[in-house]
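The values are calculated or read from the model by the stated rules, or taken from the named source; none is laboratory data. Given the structure is predicted, the values throughout are model-derived calculations rather than measurements. All Cβ positions, even for glycine, are placed from backbone atoms using ideal geometry, and neighbour counts span all protein chains on display. Areas reflect the complete protein model, heavy atoms only, side chains present, ligands, DNA and RNA absent. Shrake-Rupley method; radii C 1.70, N 1.55, O 1.52, S 1.80 Å.
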Amino acid sequence: GVEYLGIYSLANAIMLISEVIAKMGLETGVMRFVSQLDPQIDKTKIHRMIQSSLKMTGIFSIGVAILLAGFSGLIVRFFGGVPLLQTVIIVFAMTIPFNSITLVSAYATQGFKLLKYKVMTTQLLNPTVLLVSMMMSYWFISSESSIIIPMVVTGITGCFVIVIILKNISGIHLQNLISAPFDTNLLNFSIPLMFVSILQTFMHWMDILMLGYFTDATVVGLYHPAARTAGLLQALLLSFISIYAPMMSQFHAISDFKAMSRLYKLVSRWLITFSIPIMLIIIMYPVKVMLLFGPNYMDSASVLVLLTIATFVQTIFGAAGPALSMSGYTRLVFWNSLGAFILNLVLNIIFIPKFGIMGATWATLISMTAIGFTRIIQVRFILKLSFLSSHLYKPILAGMVTWIGIKSIHSVVMGFHTVVTLSIVFFCSIMTYGFVLWVLKLEPEDKDFWSGIVMLKVKKKDLKN
């Protein structure tokens, strides 16, 4: 239901913001430093770094969880005093140490240029456990339990699995965590990224939190599915960045700016290539997409269109952010995020009381567009890297042809069942888009990169050829 989804969304936003504080940016720090070391030569350094990151995360996350549970009553009053919300927040707080250790461990495995374990745990195992435990709780316990129990089960399961995987990959001894020293270099690098992540997470959930403050859980419940559906494009960005970020760090460490430039252009082009067909389907058939959640959510169709455009802008410019952070410009990344956060906050305060749910949508669109353009300009002038290439016309042209194609069948397919309509549109969009790209031909480096995606890794030599 809309109200329960709103309660879940608010509690989830609060938990995720708390998790960012609990991790202290160590997930990015450990990935960066591990990726720069040789697993054979620097084995001892890698062990010490991973053990230190896990120890610091464990200690700090427990403290954050205790504080969140203790202040849950005050937080709930800020959002209208819904009793169930306090219970959900307290239970979610218990999962913060498990979730934080899971993410730091997953990023540590990514530092070994192995993406599959992070994907397997965070993108496959955890969502599956969350879904199954939610259905079991709903069918056999109660509706309330279906938004409480699954988070705990998922947090514990994911943490246990990824820690065992990390142990097998790195060879660390978990019994040495207690005696592991704090790595100050790792912490100094990570702390600015923690503030960046806090601001980015706040910005990501700002619309949810502000809607919860100015309106109620029902409005939040209407907004959340549109935001998450538009976030499909952001998931695409995160998938590419998982491979791209450690490689940029490695290239920058050896001052190979030519390889950085080629990788930056390549990833940007593929982000644009994969984003366009998804974006077109959503903005051309928003009512049908929202009907997947039920008829109560049809009014969120216009919200979905604007949020999809905002996420599309964020995605196509998304390679610029990691280029700055992996090159050591963490303070600049922080100031970028702070500026976007302040802009988003001010716009929400101005727009939501006047325009309600659409006010939050416009605030997100404007702030995401501003931060996107800011980052690509900075990368261009500081690192001398440009995402523009002579091959960008191919996905753009394919997108224009696809847009004409799916628009021409709009009046024909809208009368069908929602699933049938979206299935036809999806098939036509992918076939048309793929055919045009095939006619225009992929570049050799694109084929190499695609092979790397399939194998969940990209070899450095493929980019230099």
Problem - Cβ pairs under 6 Å, 6+ apart, first in the range 88-102 and free of Cβ contacts under 8 Å to residues at least 60 places away in the same chain, second open to solvent by 20 Å² or more (accessible area, probe 1.4 Å) - result: 90/69
Exercise for the section: Taking the residues in the range 236-271 that are over 14 Å from residue 386 (Cα atoms) and either of a type in the set (Gly, Ala, Ser) or in contact with a Cys (Cβ under 8 Å, 6 or more places away or on another chain) (or both) as candidates, determine which candidate is surrounded by the fewest Cβ atoms within 10 Å (Cβ to Cβ). Expected result: 255
Handout entry: Pair list, Cβ under 6 Å, 6 or more apart: the range 13-37 residue farther than 16 Å from residue 186 by Cα, other residue among the aromatic types (Phe, Trp, Tyr) and surrounded by fewer than 24 Cβ atoms within 10 Å (Cβ to Cβ)
Key = 13/205
Handout entry: Residue ID - nearest to residue 39 (Cα to Cα), chosen from residues in the range 129-142 that are open to solvent by less than 80 Å² (accessible area, probe 1.4 Å) and touching a Ser or Thr at 6+ places or on another chain (Cβ under 9 Å)
Key = 129
Practice task
Could you please let me know if residue 109 is part of a helix (DSSP H, G or I), β-branched (Val, Ile, Thr), in contact (Cβ under 8 Å) with a residue 12 or more places away in the chain and over 19 Å from residue 23 (Cβ atoms)?
Solution key: no
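Here is a yes/no grid of residues against (1) more than 30 Å from residue 423 (Cβ to Cβ); (2) at pLDDT below 90:
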site: 282; (1), (2): no, no
site: 286; (1), (2): no, no
site: 306; (1), (2): no, no
site: 319; (1), (2): yes, yes
site: 322; (1), (2): yes, yes
site: 328; (1), (2): yes, yes
site: 331; (1), (2): yes, yes
site: 338; (1), (2): yes, yes
site: 345; (1), (2): yes, no
Exercise for the section: Mind checking which helices (runs of 4 or more DSSP H) fall wholly inside the range 1-106 and carry at least 2 residues that are farther than 24 Å from residue 212 by Cβ and under 26 Å from the mean Cα position of the chain (by Cα)? Expected result: 26-35, 43-70
Problem - Verdict on residue 420 being β-branched (Val, Ile, Thr), under 25 Å from the mean Cα position of the chain (by Cα) and in a helix (DSSP H, G or I) - result: no
Exercise for the section: Could you run through the range 59-87 and say how many residues are without any contact (Cβ under 8 Å) to a residue 60 or more places away in the chain, surrounded by fewer than 17 Cβ atoms within 10 Å (Cβ to Cβ) and not basic (Lys, Arg)? Expected result: 11
Handout entry: One residue from 56, 49, 120 being aliphatic (A, V, I, L, M) and free of Cβ contacts under 8 Å to residues at least 60 places away in the same chain
Key = 120
Handout entry: From the options 32, 77, 48, residue that is over 30 Å from residue 117 (Cα atoms) and of a type in the set (Lys, Arg)
Key = 77
Handout entry: Selected residue (criterion: nearest to residue 102 (Cα to Cα)) from residues of the range 143-183 that are open to solvent by less than 40 Å² (accessible area, probe 1.4 Å) and small (Gly, Ala, Ser)
Key = 158
Problem - Hey, residue 392 out of contact with any Leu (no Cβ under 8 Å at 6 or more places or on another chain), in contact (Cβ under 8 Å) with a residue 24 or more places away in the chain and crowded, with 20+ Cβ neighbours inside 10 Å or not - result: no
